[in-house]
Amino acid sequence: RTQGQPVHVSRELFDVLDLFSQWRSRSGGVIDPAAQAVIAVWKKAAAEHRLPTDLERTSAIDAVRQPHWTLDPATQTATHLSTTPLVLASFTKSYIMDKAVDAARRINGVHGLVLNVGGDIVARGNVAEPIDLANPRDDAENSAPLATIMVRNRTVATSGDYRRGVEIEGRHYSHIVDPRSGMPAANVISATVVADRATDAGALATAFTVMT
């Protein structure tokens, strides 16, 4: 409704959009909320029991490559530039995790905490948390872990293709796509990153899954 018009947005939305802008540049286009355009092409094709056509993929890539917003920190406004569908879920979750942990640490008497949101885990303060890493080829709830790591004052994020995606002609295609090629990630089935902040861990885990 407001395409091309600067709109005052919340501090949180401004921060999330800014994080996407930073990581879109840092990752060479691997981290991009407009990847939803590519995901939609693959979902539609899967529902029709076929692979996407070259034209569908190139059209989605073109939709991804254009600029989608500009930000003005002086006025805390965002200007929407495109009609490409955008999904902000990945950084929104990570951003909320960092904010929640920071808020909890400011409460008197809280010396350590562990936060688990969808398998991404933050351990802060006077606590060390053992974290099991699932075997991506044997990921039942009662399966033995591939490894166990001990984490203190860090965030652990895992990205992989083994639980979500689409099936086309008997082959599994990851829900994680490379917006530069219009193809699902295929070389790495799981990547786990340990970083200081949830936003860094989540972005790097996705990037490594696509880029490696």
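Just a few scattered comments:
- Carbon plus sulfur fraction of accessible area for the chain, probe 1.4 Å, in percent: 52 percent
- Loop-located trypsin sites (Lys or Arg not before Pro) in segment 52-155 (DSSP state not H, G, I, E or B) with no more than 12 neighbouring Cβ atoms inside 10 Å: 106, 137, 152.
- Where segment 66-212 is the region considered: accessible area per residue in Å², 1.4 Å probe: 54 Å²
- Global form of segment 21-133, assessed from the alpha-carbon gyration tensor, a/c cut-off 1.5: oblate
- Helix runs (DSSP H) in the chain reaching 18 Å along axis by Cα, Kyte-Doolittle at least 1.0: 198-211
- Here the Gaussian network model covers the chain, with springs between Cα atoms less than 10 Å apart; of 16, 188, 64, 188 fluctuates the most.
- Within segment 64-118: Cβ-based charge dipole about Cα centre, in debye rounded to nearest 20 (Lys, Arg +1; Asp, Glu -1): 120 debye
- The shape of the chain comes out oblate: with a ≥ b ≥ c from the C-alpha gyration tensor, a/c is at least 1.5 while a/b does not beat b/c.
The values are calculated or read from the model by the stated rules, or taken from the named source; none is laboratory data. Bear in mind the structure is a predicted one, so any value in this text is a computation, not a measurement. Cβ coordinates were reconstructed from backbone atoms using ideal geometry, including for glycine residues, and neighbour counts include every protein chain displayed. Accessible surface is based on the protein model in full, side chains and every heavy atom, while ligands, DNA and RNA are left aside. Shrake-Rupley method; radii C 1.70, N 1.55, O 1.52, S 1.80 Å.
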